[in-house]
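First up is the structure itself, then whatever we jot down about it.
The values are calculated or read from the model by the stated rules, or taken from the named source; none is laboratory data. Since the model is a prediction, treat every value here as computed from it, not as a measurement. When we count neighbours, we look across all protein chains shown, and the Cβ atoms used for this are built from the backbone with ideal geometry, even at glycine.
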Amino acid sequence: MSARAAICGGDDLRAAAAVLGLEPCDAGRPDVVLVDLRDASACAAAAALDSAIPRVAVAGESERALAAALGYDASSIASTCEAAALGPLVVAALPRTVRSATRVVVVTGARGGVGRTLLVANLARRLASRLSLAAVDATGTGALGWWLQCAPRTWAELEGLTNELTAEHLAVVAAESVGVRVIGGAPVAPTRALAESTVRAAGSLAELVLVDAPVLADERGLALASRAERVLVLSYDDPLSLATLDAVDLPNAAWLVASQSRTARVGERAAFRALPRDETAVGAALSGRRGAGGALGRAYDELAELIALDAS
Ligand SMILES: Nc1ncnc2c1ncn2[C@@H]1O[C@H](COP(=O)(O)OP(=O)(O)O)[C@@H](O)[C@H]1O
Ligand SMILES: [Mg+2]
């Protein structure tokens, strides 16, 4: 279910709301009001809406000072209409009853080698102390287990159980490491049916399930994405990836993440966030088989924070 937003502002605010998966609400009661305080007519439109509905505002310096003087919570004021600036504020502002608590987060990509596994491993490390967590490697490479310092049993052991798979079965094949139950070892990928029933069953094993999923062009990638409350689509800003993004119907719950990029954009599209290229952090993480620090680590921290909010 997507949240309904009253959008009091211009086209840039509307575009950001679309990137964030908010449904524009022109009639009836919205779940959140997005208002551009720099625009007088937008302020008038927002003023007409019930003051009990949470607000996320965009403000310049002077409006921000005014809002602070009135005791308005500055943590829900962004300085631009960019989705990357508004996203965290919207996630935090939405009432819990509207955010169907995220149980399954699927990480997929416009193409391979885009940083899915590194992201899932780092989110898992960061979230493990806050939630009970299962991490599923649906790619068949076993790379997620490598990063999380364990070797989960191969998918082949589960293939006969596809239709009756339970959390108990998964508990047997999972490897526990760094506080995470890791499912899915090398050397073969699961069938689509097994991947789907595993993610379903993993939901009874843990509060949050992170899935390192095949790319969008693989039917398993899209199938898993369609079952998730939250989908992260990693993409480079290269012509091939842009063509792929144009060709697929991204699920509603998708947050586009610009990979190895300094700006939260992928071609013409606004992205939810950017993950910087950080060879030093990745090199250190690789040699110690541990979580990434540095600028990339901070970007992972922020995404983990948003997912924790989304999941609570
Ligand atoms: N932000 C980044 N900066 C530098 N190197 C990265 C970054 N993200 C991923 N890498 C490296 O790029 C390669 C592909 O990443 P990986 O997570 O395996 O991608 P995928 O799982 O999408 O195929 C790996 O060698 C990884 O260490
Ligand atoms: Mg991978």
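When the residues of region 277-312 are filtered to those that are out of contact with any Leu (no Cβ under 6 Å at 6 or more places or on another chain) and under 19 Å from Tyr236 (Cα atoms), which remaining residue is farthest from ligand 1 (Cβ to nearest atom)?
Step by step, filter region 277-312, then rank; the result is Leu303.
So which of Ala59, Ala67, Ala83, Ala93 ends up being under 25 Å from Ala15 (Cα atoms), over 25 Å from the mean Cα position of the chain (by Cα), of a type in the set (Gly, Ala, Ser) and crowded, with 20+ Cβ neighbours inside 10 Å?
The match here is Ala59.
Among the charged types (D, E, K, R) and either within 16 Å of ligand 1 (Cβ to nearest atom) or at pLDDT 95 or above (or both) - does that describe any residue in region 128-147?
Residues of region 128-147 that are among the charged types (D, E, K, R), as a first pass: 130, 137.
Next, only the ones that are either within 16 Å of ligand 1 (Cβ to nearest atom) or at pLDDT 95 or above (or both) stay: 137.
Yes: region 128-147 contains one or more residues that are among the charged types (D, E, K, R) and either within 16 Å of ligand 1 (Cβ to nearest atom) or at pLDDT 95 or above (or both).
Can you confirm whether region 296-305 contains a residue that is farther than 25 Å from Ser2 by Cα and not in a helix (DSSP H, G or I)?
No, region 296-305 has no match at all.
Given the criteria more than 13 Å from ligand 2 (Cβ to nearest atom) and either β-branched (Val, Ile, Thr) or assigned by TED's automatic domain parsing to the domain that holds Gln260 (or both), does Ala171 qualify? Steps first, answer last, please.
Details: more than 13 Å from ligand 2 (Cβ to nearest atom): yes; either β-branched (Val, Ile, Thr) or assigned by TED's automatic domain parsing to the domain that holds Gln260 (or both): yes.
Against the criterion (more than 13 Å from ligand 2 (Cβ to nearest atom) and either β-branched (Val, Ile, Thr) or assigned by TED's automatic domain parsing to the domain that holds Gln260 (or both)), Ala171 qualifies.
Is there a residue being in contact with a Lys or Arg (Cβ under 7 Å, 6 or more places away or on another chain) and under 14 Å from Ala93 (Cβ atoms) anywhere in region 32-40?
Going through region 32-40, the residues in contact with a Lys or Arg (Cβ under 7 Å, 6 or more places away or on another chain) turn out to be 33, 35.
Pick out the ones that are also under 14 Å from Ala93 (Cβ atoms) and you get 33, 35.
For region 32-40, residues in contact with a Lys or Arg (Cβ under 7 Å, 6 or more places away or on another chain) and under 14 Å from Ala93 (Cβ atoms): present.
With respect to Gly113, determine if the residue is surrounded by fewer than 16 Cβ atoms within 10 Å (Cβ to Cβ), away from ligand 2 (no atom under 16 Å from the Cβ), of a type outside the set (A, V, I, L, M) and on the phi > 0 side of the Ramachandran plot. Give the derivation first.
Working: surrounded by fewer than 16 Cβ atoms within 10 Å (Cβ to Cβ): yes; away from ligand 2 (no atom under 16 Å from the Cβ): no; of a type outside the set (A, V, I, L, M): yes; on the phi > 0 side of the Ramachandran plot: yes.
Spelling it out, it is not the case that Gly113 is surrounded by fewer than 16 Cβ atoms within 10 Å (Cβ to Cβ), away from ligand 2 (no atom under 16 Å from the Cβ), of a type outside the set (A, V, I, L, M) and on the phi > 0 side of the Ramachandran plot.
Does Ala304 satisfy the criteria of being of a type in the set (A, V, I, L, M, F, W, C), within 20 Å of Ala228 (Cα to Cα) and crowded, with 16+ Cβ neighbours inside 10 Å? Outline the logic, then answer.
On the way: of a type in the set (A, V, I, L, M, F, W, C): yes; within 20 Å of Ala228 (Cα to Cα): yes; crowded, with 16+ Cβ neighbours inside 10 Å: yes.
It is true that Ala304 is of a type in the set (A, V, I, L, M, F, W, C), within 20 Å of Ala228 (Cα to Cα) and crowded, with 16+ Cβ neighbours inside 10 Å.
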